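The values are calculated or read from the model by the stated rules, or taken from the named source; none is laboratory data. Remember, it's a predicted structure, so these values are computed and weren't measured experimentally. Heads up, the Cβs are rebuilt from the backbone with ideal geometry, glycines too, and the neighbour counts pull from every protein chain shown.
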Amino acid sequence: MKVRPLPADSPAPLTAQPTAPGTQADHDPALPVIIETLRHDGIITARQVEAARFWATDYRIGVLGLEDPLFDRTSLGLSRRPLNGRIGSINRYRHIHDIIGARYERVLIAAMIDQRPLPELARHAHHDPQHMGQVIALLLDFLTRHYDAMPGHLWRG
């Protein structure tokens with residue numbers, strides 16, 4: 001009698017379709033308009049944009065409880081890998097939250113998660129709308145520096 005491997009004995013086939021040129025992948029959501037505008041105007045750098053995206057991903061996974069879009073789907077049963085990834089996101093989120101505080105976290109949430117327009121973002125943050133771009137740039141620079149200096153154990157997961 002010939003033994004056939006069961007589907008659970010091998011990785012699940014990838015179901016993700018390649019993205020067409022010019023479209024966004026699921027794991028690479030479109031930038032909020034305000035962030036794209038600041039990047040286009042040269043107020044923020046590509047590193048700051050990546051730090052903002054990374055923070056938003058950790059927030060979505062660790063706080064909102066969404067799935068990790070970069071986790072490869074395999075049939076590993078009750079694997080610890082997704083849980084470890086979620087714990088890593090939570091730990092990085094808490095580390096940044098403890099550093100920047102609730103007030104500036106609300107600015108990041110309004111800009112990156114809620115995608116509020118600049119006037120509403122300025123009103124929400126109690127800042128002058130003319131200086132809100134510089135406030136976001138300073139906050140993203142701060143975020144970039146703290147990700148660069150983040151302890152190694154927070155990158156696990």
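Name the residue that is nearest to the chain's Cα centre (by Cα), counting only residues in segment 141-157 that are surrounded by fewer than 14 Cβ atoms within 10 Å (Cβ to Cβ) and not in a helix (DSSP H, G or I).
Filtering segment 141-157 for residues that are surrounded by fewer than 14 Cβ atoms within 10 Å (Cβ to Cβ) and not in a helix (DSSP H, G or I), the one nearest to the chain's Cα centre (by Cα) comes out as ARG156.
Mind checking which pairs have a first residue in segment 29-54 that is farther than 12 Å from GLY133 by Cβ and a second that is modelled with pLDDT under 90 and part of a helix (DSSP H, G or I), Cβ under 7 Å, 6 or more apart or different chains?
These pairs meet every condition: ALA51/TYR147; PHE54/TYR147.
List the helices (runs of 4 or more DSSP H) that sit entirely inside segment 11-117 and contain at least 1 residues that are at pLDDT below 90 and surrounded by fewer than 14 Cβ atoms within 10 Å (Cβ to Cβ).
Answer list for segment 11-117: 33-40, 81-108.
Consider segment 120-140. How many of its residues are assigned to a helix (DSSP H, G or I) and either surrounded by 20 or more Cβ atoms within 10 Å (Cβ to Cβ) or touching a helix residue (DSSP H, G or I) at 6+ places or on another chain (Cβ under 6 Å) (or both)?
Going through segment 120-140 one residue at a time, the tally reaches 10.
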